[in-house]
């Protein structure tokens with residue numbers, strides 16, 4: 001007779017009895033069989049698990065559906081394996097490479113399994129793949145989780161010519177490896193998958209650029225696929241860095257780890273930093289050209305949290321000086337309205353990320369005066385008192401000077417609606433991560449920024465990783481509302497990511513994430529980020545120049561913040 005085990009289910013806020021060895025999906029069928037709630041994964045003792053997880057000891061369990069953040073990631077990973085299975089069926093001499101997320105979906109290419117060179121794909125073949133994916137969904141096939149000796153998994157991946165996965169496993173040197181199988185093929189993913197293909201009814205696969213766009217369920221209405229949006233400038237920024245990665249022969253974590261072990265990181269760092277300089281130099285040249293046309297005297301620099309806006313602004317200022325322009329910098333923070341007038345968010349807290357937390361009338365008036373050659377007195381906002389204070393801060397814009405303004409609303413047309421737009425040059429800054437874990441697992445731009453913020457908050461603001469993780473969803477909501485809709489308004493896009501940075505960040509972030517207690521719900525996110533960092537070899541920080549954008553988060557910068 002199997003032993004009875006008590007688990008605590010957070011969905012129903014009570015203990016339930018289960019038989020030893022029962023899987024989460026078997027328990028879920030009893031709990032939710034007659035409801036509209038369809039779990040796709042679960043949080044077990046504050047770690048994400050697939051529903052095939054067997055229960056042998058008391059656990060705390062929370063089932064999640066596709067509307068949760070963890071559930072959405074689970075669905076996306078599962079769709080990626082579904083597409084890989086379809087590629088194996090329709091195009092057995094090709095392999096799938098998922099480049100990055102963009103346009104509400106995931107940009108995918110077909111590559112030669114041996115050379116990794118991209119292959120062309122026509123709309124008719126993409127439609128064949130979509131139909132094959134739908135057939136696999138209708139067959140309701142299981143995703144089966146397995147754990148085997150890494151040596152045996154390597155043999156299987158070599159047979160499937162998954163060279164990036166092979167290199168990753170060879171460089172991480174783990175004894176055992178977890179992977180999934182679907183209808184006879186194997187794959188590995190950075191997180192759990194759904195239990196069966198029948199849960200993946202909502203998706204689309206469309207021709208896009210030189211490849212295809214895999215569209216998951218819409219985040220606001222999971223009953224329909226996401227709708228693509230125009231992101232031409234983002235695409236060009238991603239593509240430029242992907243070409244750079246291929247030139248330096250580091251496109252995935254396995255190749256980065258190999259570079260670390262063969263002592264090639266110094267050159268890699270120098271080349272990546274030189275790429276940043278070159279991109280900022282190009283932006284400076286664009287501003288100079290705008291100046292020659294009679295405009296571009298105000299440069300707005302915007303981007304999401306921890307994208308490196310501050311260092312980008314300072315380094316762009318240096319590039320402008322090489323073009324014989326003198327930069328002056330001001331902060332939008334000084335244009336905050338008094339605290340008691342600040343808009344509030346849904347929870348009733350002051351929403352400092354709201355556009356109308358700024359005194360737009362005063363901002364536009366001051367900027368018009370500066371453009372007219374007049375002197376203004378810059379306002380000063382006191383966060384201590386929550387209001388503007390009187391202070392003498394005269395400012396005039398001379399003919400050879402350019403005003404740099406950093407702030408999250410820089411791309412919003414309402415911010416400087418009172419100005420001639422020819423006078424304004426807009427720069428979008430974001431860490432558009434182009435390094436992949438392997439060909440089927442990418443590194444999220446959001447995760448890259450979150451790790452930067454965890455380290456920076458602890459170092460400069462004395463905020464724990466736990467508190468940073470708690471605040472992050474609110475930060476993301478603000479970005480979705482006030483930043484991302486305006487990305488394409490930029491005159492130039494600067495990709496602030498550095499291909500080596502997570503190898504450096506690892507030594508700083510891991511101890512902070514380990515401090516997140518297991519009994520806190522944020523442990524699931526900390527554990528996920530630790531798993532990501534676990535793929536990387538350590539890169540010593542002393543190899544990073546003091547002018548690097550990464551120093552904004554790690555310390556040791558030659559810039560004053």
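Each value in this text was obtained by applying a stated rule to the coordinates, not by laboratory testing. Keep in mind that what you see is a predicted model, and the values were worked out from it rather than measured. Methodologically, a virtual Cβ is constructed for each residue, glycine included, from the backbone with ideal geometry; neighbour enumeration extends over all protein chains shown.
Stretched out fully, how many nm does the piece from residue 538 to residue 331 gain, at 0.36 nm a residue minus the Cα gap?
Length difference between fully extended and current span is 71.0 nm.
Can you work out the PRE-style zone for residue 144? Point 7 Å along Cα to Cβ, and I want the residues of the range 53-74 with backbone N under 19 Å.
Those under the cut-off are 53-55.
Rounded, prolate or oblate, given the Cα gyration tensor of the range 358-405, with a/c below 1.5 counting as rounded?
prolate
Send over the semi-axes of the chain's equivalent ellipsoid, whole angstrom and largest first, taken as the square roots of 5 times the C-alpha gyration tensor eigenvalues.
In descending order, the three semi-axes are 44, 28, 23 Å.
How many nm is it between the label spots at residue 248 and residue 318, if each spot is 7 Å from the Cα in line with the beta carbon?
Output for this residue pair reads 1.7 nm.
With a cut-off of 19 Å, note down the residues of the range 100-126 whose backbone N falls inside the zone around a label point 7 Å from the Cα of residue 185 toward its beta carbon.
Counting only backbone N, you get 100, 106-126.
Taking 35 Å as R0, compute the FRET efficiency from the Cβ-Cβ separation of residue 2 and residue 60 and round it to 0.05.
Approximately 0.95, to the nearest 0.05.
On a full-extension model of 0.36 nm per residue, what is the gain between residue 515 and residue 267, subtracting their alpha-carbon distance, rounded to one decimal in nm?
85.9 nm
Let's test the formula: R0 of 45 Å, r as the Cβ-Cβ distance of residue 352 and residue 172. What FRET efficiency results, to the nearest 0.05?
The pair residue 352/residue 172 has a calculated efficiency of 0.60.
Pop a pseudo-label 7 angstrom from the Cα along the beta-carbon direction at both residue 209 and residue 14 and give the gap in nm to one decimal.
It is 5.2 nm.
What is the antiparallel percent of DSSP beta bridges lying wholly in the chain, to the nearest 5?
70
For Cα pairs less than 8 Å apart in space and 6+ apart in sequence, what is the mean separation divided by the residue count of the range 71-229, i.e. the relative contact order in percent?
30
Order by neighbour count: 461, 470, 109, fewest other Cβ atoms within 10 Å first, most last.
Ascending number of Cβ neighbours within 10 Å: 461, 470, 109.
When 428, 350 are ordered from fewest to most other Cβ atoms inside 10 Å of their Cβ, what list results?
Listing 428, 350 from fewest to most nearby Cβ atoms yields 350, 428.
Just need the relative contact order of the range 334-483 here, percent rounded to a whole number, with Cα pairs under 8 Å and 6+ apart.
About 19 percent, as a whole number.
Within 10 Å of each residue's Cβ, count the other Cβ atoms and sort 38, 313 from fewest upward.
The order, fewest Cβ neighbours first, is 38, 313.
At 222 nm, what helix-only mean residue ellipticity would the chain give, in deg cm²/dmol to the nearest 500, using -39500 (n - 2.57) for each DSSP H run of four or more?
Calculated mean residue ellipticity at 222 nm is -12000 deg cm²/dmol.
Indicate the gyration tensor shape class of the range 234-554 (rounded, prolate or oblate), computed on the Cα atoms with a ≥ b ≥ c the square roots of the eigenvalues: a/c under 1.5 is rounded; otherwise a/b larger than b/c is prolate and the rest oblate.
Note, shape of the range 234-554 comes out oblate.
Can you give the FRET efficiency to the nearest 0.05 for residue 372 and residue 286, using r as the Cβ-Cβ distance and R₀ = 35 Å?
Computed FRET efficiency for residue 372 and residue 286 comes out at 0.90.
Just to be sure I understand the model, the point goes 7 Å from the Cα along the line to the Cβ. What's the resulting residue 112 to residue 384 distance in nm?
The answer from the label model is 6.6 nm.
Assuming a ≥ b ≥ c are the square roots of the Cα gyration tensor eigenvalues, decide whether the range 153-269 counts as rounded (a/c under 1.5), prolate (otherwise, with a/b larger than b/c) or oblate.
oblate
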